[in-house]
Amino acid sequence: MIGVVDYGAGNLGSVMNALERLDLPARFAAGPEELGADSPFERVIFPGDGHFATAMAKLEEAGWAGALRDWVRADRPFLGICIGLQLLFSSSEEAPGVAGLGLFEGEVKRFPLRKVPQIGWNSTVAREGSRLFADIPQGSFFYYIHSYYCQAAVADEACARAEYGLEYTSAVERGRVCAVQFHPEKSGETGLALINNWARM
């Protein structure tokens with residue numbers, strides 16, 4: 001069973017639809033207590049969009065932040081999507097002084113371009129041997145929408161990259177913990193293949 005974290009962010013319906021198309025059993029997590037030691041879930045997806053500070057405030061207020069930190073630190077199967085990637089880092093230029101989950105080393109910065117956010121399809125280059133991108137053709141296109149980008153500090157954790165004025169980390173993979181900047185649930189058959197890879201890891 002896959003648990004989908006619902007803390008008031010958008011795109012949850014698209015994620016559930018993608019899981020249904022893949023015939024992967026899933027439901028929304030009722031609360032952070034369901035991510036404890038006796039969790040009914042084998043895997044967790046943390047999707048979302050919006051502002052870094054607003055999202056972190058919601059996670060802290062509802063108790064999700066601590067539960068997510070514990071889940072990821074225990075190397076339990078996890079997939080973060082969009083801001084679900086950015087919040088894994090310690091901070092973001094979008095919200096100076098606001099602490100993220102602090103689970104990955106690196107930076108989250110604003111694109112130094114006039115035209116933001118980046119909206120649309122972008123080619124994505126995966127690291128050789130990535131399980132998340134197994135059997136997905138190199139340079140495949142995924143759907144992105146974001147004004148801030150991540151640069152993972154640990155090279156082995158950056159499993160894919162994309163370019164938008166500069167090259168940035170578009171996905172991370174560490175053990176059974178993965179996160180992507182793009183929206184696989186909105187990326188057609190290629191996105192479904194990636195979700196399926198994660199579910200089978």
(request) Spot the failing condition for Ala57; the list is (1) among the hydrophobic types (A, V, I, L, M, F, W, C); (2) part of a helix (DSSP H, G or I); (3) touching a Leu at 6+ places or on another chain (Cβ under 7 Å), and only one is missed. (result) (3)
(request) Within the stretch 1-36, track down each residue that is open to solvent by 40 Å² or more (accessible area, probe 1.4 Å), closer than 22 Å to Met56 by Cα and in a strand (DSSP E or B). (result) Phe28
(request) State the number of residues belonging to the stretch 128-142 that are under 17 Å from the mean Cα position of the chain (by Cα), open to solvent by 20 Å² or more (accessible area, probe 1.4 Å) and free of Cβ contacts under 8 Å to residues at least 60 places away in the same chain. (result) 1
(request) Scan the stretch 71-82 residue by residue and report those that are in a helix (DSSP H, G or I) and either among the β-branched types (Val, Ile, Thr) or within 24 Å of Leu19 (Cα to Cα) (or both). (result) Trp71, Val72
(request) Could you list all residues from the stretch 147-168 that are under 22 Å from Gly188 (Cα atoms) and open to solvent by less than 10 Å² (accessible area, probe 1.4 Å)? (result) Cys159, Ala160, Ala162
(request) Output the residues belonging to the stretch 169-194 that are surrounded by fewer than 22 Cβ atoms within 10 Å (Cβ to Cβ), over 11 Å from the mean Cα position of the chain (by Cα) and not in a helix (DSSP H, G or I). (result) Arg174, Gly175, Arg176
(message) Any residue at all in the stretch 115-123 that's assigned to a strand (DSSP E or B), surrounded by fewer than 15 Cβ atoms within 10 Å (Cβ to Cβ) and of a type in the set (Lys, Arg)?
(response) no
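The values are calculated or read from the model by the stated rules, or taken from the named source; none is laboratory data. Everything numeric here is computed off the predicted structure, so don't read it as measured data. Glycine gets a Cβ as well: all are built from the backbone with ideal geometry, and neighbour counts include every protein chain shown. Surface areas here come from the heavy atoms of the whole protein model, side chains and all, with no ligands, DNA or RNA. Shrake-Rupley method; radii C 1.70, N 1.55, O 1.52, S 1.80 Å.
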